[in-house]
Amino acid sequence: MNHLIAPSLLSADFLTLEKDIDMVNASEADWFHLDVMDGMFVPNISFGFPVIEKIAQIARKPLDVHLMIVDPDRYIERYKKAGATIISVHYEACDHLHRTIHAIQDLGCKAGVVLNPHTSVPLLEDIIRDVDLILIMSVNPGFGGQKFIEHSILKIERLKALISATGSHALIEVDGGVDLENAPRLLKAGADVLVAGSTIFSSSDPAGTIRKLKNI
Ligand code: DX5
Ligand code: ZN
């Protein structure tokens, strides 16, 4: 499978969001990555349902919703209604991860599990066959524009091995500090989906940067 690119709208210009959504629609990007933060699970607050519903009205690519919120079970149905295609929850935020994953899938969404930088890949052993996607955080979640944590490469390699060993169909997504320098190494390690925020939206040619990331 060719790898996928998921621009993170956290780094878009919210004053002219439609323009950035149109750019992503017309680009070689595959998904929209939407970062939901509640100020509790992470020390930042981003956007909620009204914004996602508006994005869904004009987005012509799947919405990949990354929930950085406490007790995400409370809201998964609303994210589905708001237009989510993929809903990912943090391993660290779920007491009953198996139930949460299946609740997301029962709604008709793809279900992802996100690992913070300190959370070990082997902890996924008993859930890996149930999930559609594993998101490896390569920064501590909460903010765009942070420095990539190199250890993430090793985690992707370990995850790739676990997926192969178990026959899981899960995709490997990487999020945080992804740029044109580390992207080839992430793909070589086994990543299937690259999330990029500031690398795309801070560049002078965002669509061109998406094309470069896609054509590695
Ligand atoms: C961080 C978010 C990321 C963020 C990535 O908590 O999960 O999706 O937007 O931004 P960059 O690519 O700038 O690190
Ligand atoms: Zn994210």
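The values are calculated or read from the model by the stated rules, or taken from the named source; none is laboratory data. These numbers were taken from a predicted model, which means no experiment stands behind them. Glycine gets a Cβ as well: all are built from the backbone with ideal geometry, and neighbour counts include every protein chain shown. Ligands, DNA and RNA are excluded from the accessible area calculation, which covers all protein heavy atoms including side chains. Shrake-Rupley method; radii C 1.70, N 1.55, O 1.52, S 1.80 Å.
Taking GluC sites (Glu not before Pro) across the stretch 107-216, the ones in a DSSP loop with at most 14 further Cβ atoms lying within 10 angstrom of their Cβ are Glu125, Glu150, Glu181. If every alpha-carbon in the stretch 26-97 counts as one equal scatterer, what log10 I(q)/I(0) does Debye give at q = 0.12, 0.26 1/Å? Summing over Cα pairs of the stretch 26-97 leads to -0.31, -1.23.
Between Asp130 and Phe14, the contour length at 0.36 nm per residue exceeds the alpha carbon distance by 38.2 nm.
Do the sum for the chain: with -39,500 (n - 2.57) for every DSSP H run of n ≥ 4, divided by all residues, what is the mean residue ellipticity at 222 nm, to the nearest 500 deg cm²/dmol? Please list the in-between numbers first.
Working: 8 runs with 73 residues, N = 216.
Only helices count here, giving -9500 deg cm²/dmol.
Taking each residue as 0.36 nm, the span from Lys188 to Lys81 lengthens on full extension beyond its C-alpha to C-alpha distance by 34.9 nm. Estimated translational diffusion coefficient (Stokes-Einstein, Kirkwood radius over Cα pairs, 10 °C, 1.306 mPa s) of the stretch 139-216: 121 µm² per second. Size check on the stretch 1-122: the Cα extents along the three principal axes, sorted descending, read 39, 35, 28 Å.
Once you list every other residue whose beta carbon is under 14 Å from the beta carbon of Val193, what net charge do they have if Lys and Arg are +1 and Asp and Glu are -1? Walk me through the numbers before you get to the answer.
Working: positive: Lys61, Lys110, Lys160, Lys214; negative: Glu28, Asp30, Asp64, Asp132, Glu173, Asp175, Asp192.
It works out to a net charge of -3.
Over the chain, accessible surface divided per residue gives 45 Å², non-protein components excluded, 1.4 Å probe. A viscosity of 1.306 mPa s and a temperature of 10 °C, combined with the Kirkwood radius over Cα pairs in Stokes-Einstein, give a translational diffusion coefficient for the chain of 93 µm²/s.
Of the listed peptides 92-103, 13-24, 74-85, what is their order by residue-averaged count of other C-beta atoms within 10 Å, with the highest listed first? Could the numbers behind the result be given before it?
Working: 92-103: 16.1, 13-24: 14.5, 74-85: 17.8.
Ranked by mean Cβ neighbours within 10 Å, highest first: 74-85, 92-103, 13-24.
Taking θ as phi - 60° and the Karplus parameters 6.51, -1.76 and 1.60, the scalar couplings of the stretch 160-168 work out to 4, 5, 5, 5, 5, 5, 9, x, 5 Hz in sequence order, x denoting glycine and proline.
Given a 1.4 Å probe and every protein chain left where it sits, what share in percent of the accessible area of the stretch 19-140 is carbon and sulfur?
Carbon with sulfur: 50 percent of the solvent-accessible area.
Subtracting the Cα-Cα distance of Ala165 and Ala56 from 0.36 nm times their residue separation leaves 35.6 nm of extension gain. DSSP beta bridges fully contained in the chain are about 5 percent antiparallel. Return the long-range amide H neighbours of Ala196 (sequence gap of 5 or more, or a different chain), with a cut-off of under 5 Å between placed amide H atoms. Amide H to amide H, under 5 Å and 5 or more residues apart or across chains, Ala196 pairs with Ala6, Ser8.
Under the Kirkwood approximation for Rh and a Cα-based Rg, what ratio Rg/Rh is obtained for the stretch 27-67?
Numbers: Rg = 11.4 Å, Rh = 11.1 Å.
Checking Rg against Rh, the ratio lands at 1.02.
Semi-axis lengths, largest first, of the ellipsoid equivalent to the stretch 97-185 are 23, 15, 11 Å, with √(5λ) applied to each eigenvalue of the Cα gyration tensor. Karplus-based coupling profile of the stretch 18-34, in residue order and whole Hz: 4, 4, 5, 5, 4, 4, 5, 4, 7, 8, 8, 5, 9, 10, 9, 9, 10, with θ = phi - 60° in 6.51 cos²θ - 1.76 cosθ + 1.60 and x standing for Gly or Pro. For the stretch 147-154, the Karplus equation 6.51 cos²θ - 1.76 cosθ + 1.60, evaluated at θ = phi - 60°, returns couplings of 6, 4, 8, 4, 4, 4, 4, 5 Hz by residue, with Gly and Pro reported as x.
Which net charge results for the neighbourhood of Ser88, defined as the other residues with beta-carbon distances under 12 angstrom from its beta-carbon, given Lys and Arg at +1 and Asp and Glu at -1? Surrounding charge for Ser88 is -4. Distance between the modelled labels on Arg211 and Asp95, one decimal in nanometres: 5.1 nm (7 Å Cα→Cβ projection). Using C-alpha pairs below 8 Å separated by at least 6 residues, the relative contact order for the stretch 21-117 is 25 percent.
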